[in-house]
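First comes the structure, then the notes that go with it.
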Amino acid sequence: MKHIILTGGGTAGHVTPNIALIPALQEKSYKISYIGSYNGIEKQLIEELGIPYYGIASGKLRRYFDLKNFSDPFRVIKGYFQAKSLMKKLKPDVVFSKGGFVTVPVVIAAGKRHIPAIIHESDMTPGLANKLCLSSATKVCCNFPETVNNLPKDKAVLTGTPIRQELLHGNKEHARAYCGFTSDKPVLLVIGGSLGAASVNENVRKILPELLKEFQVIHICGKGKTDESIQLTGYVQYEYVQEQLPDMFALADVVISRAGANAICELAALSKPNLLIPLSAKASRGDQILNARSFERQGYSMVLEEEEITEASLLEAIRKLYQERNKYIAAMSAGKNLNSIQHIVNLIEECIHS
């Protein structure tokens with residue numbers, strides 16, 4: 001039986017593409033193991049699927065000063081020796097990495113043991129973790145055509161991002177009943193990501209009195225980010241949604257989202273008109289801004305940068321998005337749709353047999 005180790009963690013965006021691959025790998029009779037951090041979000045998500053999970057030490061490699069910069073390199077080194085030991089014990093045929101700092105020791109350990117490792121870069125420019133893994137990787141899967149041009153030609157492959165197939169089969173009436181909504185107003189879905197988006201949450205809540213005159217709002221806030229003092233008809237909030245998410249997507253007429261690559265690829269696959277509010281360059285390496293502008297150029301998204309948000313500008317953007325929703329639906333429906341799951345599984349098979 002062929003054995004694959006999946007790895008990726010830190011945020012849901014580094015886990016959900018791996019989850020999307022699992023059914024296709026199981027259909028091909030792969031034995032699947034997962035390596036992640038001790039207590040990251042990936043541990044809960046993967047263990048719920050009954051996949052054997054192995055935790056290793058993980059440290060973040062920062063580009064800015066932090067006292068943890070002195071201790072985290074030792075965690076990375078510890079993680080490398082743990083990963084190397086797991087490679088010897090589990091004897092995988094191939095490793096697939098979705099990124100996040102926990103993957104660095106895993107991919108490097110695979111390379112040292114001559115195990116083919118495929119890494120996936122969702123953003124337009126590779127993050128630091130994937131940059132560190134490049135020399136140990138056999139292939140690099142990319143989401144944007146622009147990314148392929150900035151990577152070694154013998155390694156880069158345009159595959160797109162694996163989308164969880166269950167997202168494509170939601171039932172809007174189930175979501176309407178779950179949220180207690182009526183059918184006489186459109187629905188706005190607000191997604192801040194698994195860690196939440198404080199500025200998005202705050203600004204949406206500021207305009208709720210006006211917003212609820214025209215929309216019903218599903219607000220996925222992030223862990224610990226709900227505000228129980230807000231009790232308004234037509235507004236529901238959740239920390240994190242998993243089982244009901246496909247139904248909520250089906251119910252949503254328009255969506256507000258951060259611009260993480262996995263999130264926006266899901267929106268494109270679902271043809272959901274969206275307003276992207278990318279993480280600012282001050283709070284990130286700027287990858288979300290690049291992602292958002294690429295989707296804007298393709299006609300898939302409206303973009304409102306964080307620094308531009310006011311109550312008036314946000315409300316105006318939502319109204320405009322809804323009015324022009326059919327334009328965005330048409331653009332996404334006509335876009336090139338890569339069969340990412342099949343493409344990546346084929347690549348995995350090729351790496352095993354090469």
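The values are calculated or read from the model by the stated rules, or taken from the named source; none is laboratory data. Note that this is a predicted model, so its numbers are computed, not measured. So basically every Cβ, Gly included, is an ideal-geometry build from the backbone, and we count neighbours across all protein chains shown.
Things worth noting here:
- In region 294-303, residue modelled with the highest pLDDT [restricted to those that are assigned to a helix (DSSP H, G or I) and either closer than 18 Å to K320 by Cα or of a type in the set (A, V, I, L, M, F, W, C) (or both)]: E296
- Taking region 206-264 as the range and being touching a Gly at 6+ places or on another chain (Cβ under 8 Å) and part of a loop (DSSP other than H, G, I, E, B) as the test, the residues that pass are F215, C221, G222, K223, G224, K225, E239, Y240, R258, G260.
- Flag if N150 is in contact (Cβ under 8 Å) with a residue 24 or more places away in the chain, in a helix (DSSP H, G or I) and not aliphatic (A, V, I, L, M): no
- Taking each residue of region 108-137 that is without any contact (Cβ under 8 Å) to a residue 24 or more places away in the chain and looking for partners that are among the aliphatic types (A, V, I, L, M) and assigned to a strand (DSSP E or B) with beta-carbon atoms closer than 8 Å, six or more apart or interchain, yields A117/V94; A117/V95; I119/V140; L134/I119; L134/V140.
- Residue match in region 115-129 (condition: over 22 Å from H353 (Cα atoms), surrounded by 18 or more Cβ atoms within 10 Å (Cβ to Cβ), modelled with pLDDT of 90 or more and not charged (D, E, K, R)): no
- Picking from residues in region 24-50 that are at pLDDT 95 or above, in a helix (DSSP H, G or I) and touching a helix residue (DSSP H, G or I) at 6+ places or on another chain (Cβ under 7 Å), the one that is surrounded by the fewest Cβ atoms within 10 Å (Cβ to Cβ) is A24.
- With respect to the conditions (1) within 26 Å of N201 (Cβ to Cβ); (2) not in a strand (DSSP E or B), I352 falls short on a single one, namely (1).
- Residue list for region 292-334, filter: of a type in the set (S, T, N, Q) and surrounded by 15 or more Cβ atoms within 10 Å (Cβ to Cβ): S294, S301
Residues are listed down the side, and each one gets a yes or a no for (1) of a type in the set (D, E); (2) at pLDDT below 95; (3) more than 26 Å from A129 (Cβ to Cβ):
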| position | (1), (2), (3) |
| --- | --- |
| D253 | yes, no, yes |
| Q288 | no, yes, no |
| L321 | no, no, yes |
| E324 | yes, no, yes |
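- Picking from residues in region 128-174 that are among the polar types (S, T, N, Q) and within 21 Å of the chain's Cα centre (by Cα), the one that is farthest from I264 (Cα to Cα) is N130.
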